[in-house]
Amino acid sequence: MAEEENISTRRLEALTDGIFAFSMTLLVIFIDTPQFHHLNSPEQLQRYLMEQYPQFVSYLITFLVVANFWIIHHHISRFITKTNIVSLWLNILFMLFIVLLPFSSMIVGDFPMSWGSIFLFVVNLFCICTLLFIIWLYASRHKRLTSSDLNYKKVKEISIGLLIGVFYSALSIVISFFNVSIALYIYLLIPVTRGVLKFFKK
């Protein structure tokens, strides 16, 4: 069992970074380009770009969301010193939903007020947040895959931060049944909540 768990994390980190880079690049590819619309004047181009506003907003939000997930994954990976087959598969599932984000983001850009598009997007985010928490919980429990000097305070701090994401993503799913606009932007409360908790912890 010890030999199985003493697997280097370097290849997993390289694969994860590659997946994040690919997903962030794919976001802009999904934005429709004007060359296929036979625009014949500056006015038509301006009108076309204005019509693409939802797609640009979706691109910006999703790019920042993916970047935030990369930062969080990078942060918790600093404390995970080895991996095993369970951890590998958990990370692969996590990356599966990261790669799905450009698609769900494109659907939101095309149908910004549709419940189905928003629901797909927020469920996608919920799966990512939940898997991040599970990855950390599995690795840190009894210091299974973390460094031996990792203290309980740091484990608790990271766990609470990840649980905030799980809570708001689950809340977003519920709210989507009543108001799709609020459901889409509720993720803005995550950094606010973390900031408030850090302020009162001082």
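Can you find a residue in the stretch 157-165 that is among the hydroxyl-bearing types (Ser, Thr, Tyr), touching a Leu at 6+ places or on another chain (Cβ under 8 Å), over 19 Å from Val66 (Cα atoms) and not in a helix (DSSP H, G or I)?
Just the residues of the stretch 157-165 that are among the hydroxyl-bearing types (Ser, Thr, Tyr), to begin with: 159.
Restricting the remaining residues to those that are touching a Leu at 6+ places or on another chain (Cβ under 8 Å) gives 159.
Next, from what is left, pick out any that are over 19 Å from Val66 (Cα atoms): 159.
Adding the requirement that they be not in a helix (DSSP H, G or I) leaves none.
No, the conditions are met nowhere in the stretch 157-165.
When you go through Leu171, Leu189 one by one, which is the residue that is more than 27 Å from Leu15 (Cβ to Cβ), under 17 Å from the mean Cα position of the chain (by Cα) and at pLDDT below 90? Spell out how you get there, then give the answer.
Details: Leu171 fails: at pLDDT below 90.
Result of the check over Leu171, Leu189: Leu189.
Of (1) surrounded by fewer than 21 Cβ atoms within 10 Å (Cβ to Cβ); (2) modelled with pLDDT under 95, Cys127 satisfies all except one. Which?
Status for Cys127: all satisfied but (2).
Looking at (1) free of Cβ contacts under 8 Å to residues at least 60 places away in the same chain; (2) small (Gly, Ala, Ser); (3) closer than 20 Å to Tyr53 by Cα, which one does Ser172 not meet, given that it meets all the others?
(3)
Output the qualifying pairs, or none if there are none: Cβ atoms under 7 angstrom, residues six or more apart or on different chains, first residue in the stretch 178-193 and over 20 Å from Met106 (Cα atoms), second residue of a type in the set (A, V, I, L, M).
Ile190/Ile164; Thr193/Ile164
Taking Pro102, is it touching a residue at least 12 places away in the same chain (Cβ under 8 Å) and buried (at least 21 other Cβ atoms within 10 Å of the Cβ)? Spell out how you get there, then give the answer.
Numbers: touching a residue at least 12 places away in the same chain (Cβ under 8 Å): yes; buried (at least 21 other Cβ atoms within 10 Å of the Cβ): yes.
Yes: the conditions hold for Pro102.
Quick check on my filter: what residues within the stretch 1-57 are of a type in the set (Val, Ile, Thr) and at pLDDT 80 or above? First the steps, then the outcome.
Taking the stretch 1-57 first, the residues of a type in the set (Val, Ile, Thr) are 7, 9, 16, 19, 25, 28-29, 31, 33, 57.
Thr9, Thr16, Ile19, Thr25, listed by residue number.
Does Ser147 satisfy the condition of being surrounded by fewer than 16 Cβ atoms within 10 Å (Cβ to Cβ), among the hydroxyl-bearing types (Ser, Thr, Tyr), under 18 Å from Glu13 (Cα atoms) and in contact with a Ser or Thr (Cβ under 7 Å, 6 or more places away or on another chain)? Even if it seems obvious, please write down each step before you answer.
Working: surrounded by fewer than 16 Cβ atoms within 10 Å (Cβ to Cβ): yes; among the hydroxyl-bearing types (Ser, Thr, Tyr): yes; under 18 Å from Glu13 (Cα atoms): yes; in contact with a Ser or Thr (Cβ under 7 Å, 6 or more places away or on another chain): yes.
Taking the combined requirement at face value, the residue satisfies it.
So which of Ser140, Ser148 ends up being outside any helix (DSSP H, G or I) and polar (S, T, N, Q)? If you could, list the steps in order and put the result at the bottom.
Details: Ser140 fails: outside any helix (DSSP H, G or I).
Every option except Ser148 fails the conditions.
Against the definition (out of contact with any strand residue (DSSP E or B) (no Cβ under 7 Å at 6 or more places or on another chain), among the aliphatic types (A, V, I, L, M), at pLDDT 85 or above and farther than 18 Å from Asn68 by Cβ), how does Leu137 come out, yes or no? Give the steps one after another, and end with the answer.
Numbers: out of contact with any strand residue (DSSP E or B) (no Cβ under 7 Å at 6 or more places or on another chain): yes; among the aliphatic types (A, V, I, L, M): yes; at pLDDT 85 or above: yes; farther than 18 Å from Asn68 by Cβ: yes.
Answer is yes for this residue.
Of Pro54, Pro112, Pro102, which residue is touching a Gly at 6+ places or on another chain (Cβ under 7 Å) and either outside any strand (DSSP E or B) or farther than 21 Å from Gly18 by Cβ (or both)?
Details: Pro112 fails: touching a Gly at 6+ places or on another chain (Cβ under 7 Å); Pro102 fails: touching a Gly at 6+ places or on another chain (Cβ under 7 Å).
Answer to the selection: Pro54.
The values are calculated or read from the model by the stated rules, or taken from the named source; none is laboratory data. Keep in mind the model is a prediction, meaning the values are calculated, not measured. Please note: Cβ atoms are built from the backbone with ideal geometry, for glycine as well, and neighbour counts cover all protein chains shown.
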